[in-house]
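Bear in mind that the values in this text are calculations on the coordinates, not laboratory data. Keep in mind that what you see is a predicted model, and the values were worked out from it rather than measured. Here the Cβ positions follow ideal geometry from the backbone for every residue, glycine too, while neighbour counts run over all protein chains shown.
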Amino acid sequence: MWPFGRHKKKSEDPDREQRRRFREATRALDEGREEDGIAALTELVEDYPEYVSARVNLGAAHYSAEQYEEAEREFTAALGLKPEDPRILLNLAATKSALDELDDAIDLLIRALEIDPEFRDVHYNLAIAYWRKGRIPEAVAELEMELALHPDNEPARQTMEMLKEEAGMNDEEIAPPSTN
């Protein structure tokens, strides 16, 4: 027997309970039971308001259900708990974009890039926001950066083609200037 006394029973571990409830809620979402997953995550964040992963998943579930105001609330709360997390910034920016708050989305994406300049999809999402604002040269630059960092990003490649077509640009007009 260990000299440190008896071990806690598994049911006495609050972190274990959080994780169990989180897994159940996530499983419900994965199985397409959106309402059950949202309800379970809502209860979880009510009981554990500082559980960042639960807030992020709840925000994502609301976003998928096109409940953008609710998604914004959860991502904002998560960001308050982890202000330097580029994943949360990206999700909040996507929500702001869905709410047509493009300037806020751009600011959040730039902040995410300041934290991690190579974070996947941030340059892509920034390009989309710039494009929607009519800022084509900036959109092109961000798509080029995304593709330089992540050449396998097919949505970025497809978006670049659509942007070129819409703007009536050819490859030479899109290509970065030569350094020779």
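Output the 0 to 90 degree angle, nearest 10, between the alpha-carbon long axis of helix 52-64 and the longest principal axis computed from the alpha carbons of the chain.
50
Can you check what the net charge comes to around R132, using other residues whose Cβ is under 14 Å from the Cβ of R132 (Lys, Arg +1; Asp, Glu -1)? Show your work: numbers first, answer last.
Values: positive: K96, K133, R135; negative: D100, E101, D103, D104, E138, E142, E166.
For residues surrounding R132, the net value is -4.
Post the alpha-carbon centroid distance, region 21-95 to region 117-152, in whole angstrom.
What the calculation gives is 25 Å, centre to centre.
For semi-axes √(5λ) of the Cα gyration tensor in Å, one of [x] 29, 17, 15; [y] 40, 18, 14; [z] 147, 14, 9 was computed from the structure I shared and the rest are decoys. Which label?
[y]
So if I place +1 on the C-beta of Lys and Arg and -1 on the C-beta of Asp and Glu, and nothing else carries charge, what would the dipole magnitude of region 102-180 be about its Cα centre? I want it in debye, nearest 20. Write out the running numbers ahead of the final one.
On the way: 7 positive and 19 negative charges, 30 e Å.
About 140 debye.
Once the other residues with Cβ under 9 Å from the Cβ of A28 are scored (Lys, Arg +1; Asp, Glu -1), what is the net sum? Present the calculation step by step, with values, prior to reporting the outcome.
Numbers: positive: R27, R33; negative: E24, D30, E31, E34, E35, D36.
Net of charged neighbours comes to -4.
Against the longest principal axis of the chain, how steep is helix 34-47, in degrees 0 to 90 to the nearest 10, with axes from Cα atoms?
It is inclined by approximately 60 degrees.
Helix 136-149: angle to the longest alpha-carbon principal axis of the chain, degrees 0 to 90, nearest 10?
Helix 136-149 sits at roughly 60 degrees to that axis.
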